[in-house]
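What follows is a set of notes on a single structure, which appears directly below.
The values are calculated or read from the model by the stated rules, or taken from the named source; none is laboratory data. For clarity, every value in this text was computed on a predicted model and none was experimentally measured. Using ideal geometry, Cβ is built from the backbone for each residue, glycine included, and neighbour counts are taken over all protein chains shown.
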Amino acid sequence: MELTFKLTNESKVNLWGVKLYRIEAIVDIPGKAKKGEKGGWVESEEVNGDARVSGDAWVYGDAQVYGNAWVYGDAQVYGDARVYGDAEVYGNARVYGDAEVYGDARVYGDAQVYGNAWVYGDAQVYGDARVSGDARVYGNAWVYGNAWVYGDAQVYGNAWVYGDAQVYGDAQVYGDAEVYGDAWVYGNAWVYGDARVYGDAWVYGDAQVYGDAQVYGKLSLTSGWFFGMCYNKEETKYVQVDGDSELICKGDIKYEIR
């Protein structure tokens, strides 16, 4: 693949002992850099015979790309962001601020990862998704569509967050759980196992949703443990929500229908 940049004589060793070089555009990159304009920092021009930064992609400022990482398509990496390991950022994706993308993670489409957020492992963030703040997305997790994960939230394991869903605060979504539609999970809430939270549902406070539980519609869960399979009959409560639905739960619970 044809190079769009060259390494300059300006170099440094980062905190992790990797020698990096400031790049300079050798052609005009539409909307991003003029020929001769300096960019960010990379370890080398190529990775396994392909350009490390290619297409109309660009790396700006103090951003770093190293290891076997690639940035291509129309992607942009800037600020103090780092992309490393075997990670790839492509499409129209943006990684900026102090964000990190590493491992075998993929960020693509029109997705944005920014703030102090980390995306790593085999995680994927794509579509118009946003991951920001101090959020972490890792393992085999996927965040996509118009979903947002922010604050100190964590999405990991094989979990999916998609649609217009939001996960934020100190919330955690993990295991094989899915949060989608217009659902919100926030506060100290946990959603895990094979649980599904969707529609206009809210799970927040100290609530936990797990097992095979499904929370949907305009239901709000604020505290208690909610699950789909019962393992301890003595602790189980059944609460009729409406004519079609019931909550299977234990402990002191709080809920409302908005």
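So the values come out like this:
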| quantity | calculated |
| --- | --- |
| Number of positions in region 9-60 that are free of Cβ contacts under 8 Å to residues at least 40 places away in the same chain, surrounded by 13 or more Cβ atoms within 10 Å (Cβ to Cβ), among the β-branched types (V, I, T) and assigned to a strand (DSSP E or B) | 5 |
| Only listed residue being more than 24 Å from I23 (Cα to Cα) and among the acidic types (D, E), chosen from D176, D86, D98, D80 | D176 |
| Qualifying residues in region 199-258 (those that are among the hydroxyl-bearing types (S, T, Y), part of a strand (DSSP E or B) and surrounded by 12 or more Cβ atoms within 10 Å (Cβ to Cβ)) - the one modelled with the highest pLDDT | Y210 |
| Residue in region 44-58 that is closer than 25 Å to W118 by Cα and among the aromatic types (F, W, Y) present | yes |
| Residue within region 9-22 that is farther than 30 Å from Y156 by Cα, of a type in the set (V, I, T) and touching a Phe, Trp or Tyr at 6+ places or on another chain (Cβ under 6 Å) present | no |
| Counted residues, region 158-168 - those being more than 15 Å from Y216 (Cα to Cα) and either among the polar types (S, T, N, Q) or surrounded by fewer than 19 Cβ atoms within 10 Å (Cβ to Cβ) (or both) | 1 |
| Number of positions in region 182-198 that are assigned to a loop (DSSP other than H, G, I, E, B) and crowded, with 18+ Cβ neighbours inside 10 Å | 8 |
| Qualifying residue in region 83-96 (condition: touching a residue at least 12 places away in the same chain (Cβ under 8 Å), surrounded by fewer than 20 Cβ atoms within 10 Å (Cβ to Cβ) and over 18 Å from A123 (Cα atoms)) | no |
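For (1) on the phi > 0 side of the Ramachandran plot; (2) acidic (D, E), each residue gets a yes or a no:
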position: A141; (1), (2): no, no
position: G145; (1), (2): yes, no
position: Y150; (1), (2): no, no
position: A153; (1), (2): no, no
position: G163; (1), (2): yes, no
position: A171; (1), (2): no, no
position: V179; (1), (2): no, no
position: D182; (1), (2): no, yes
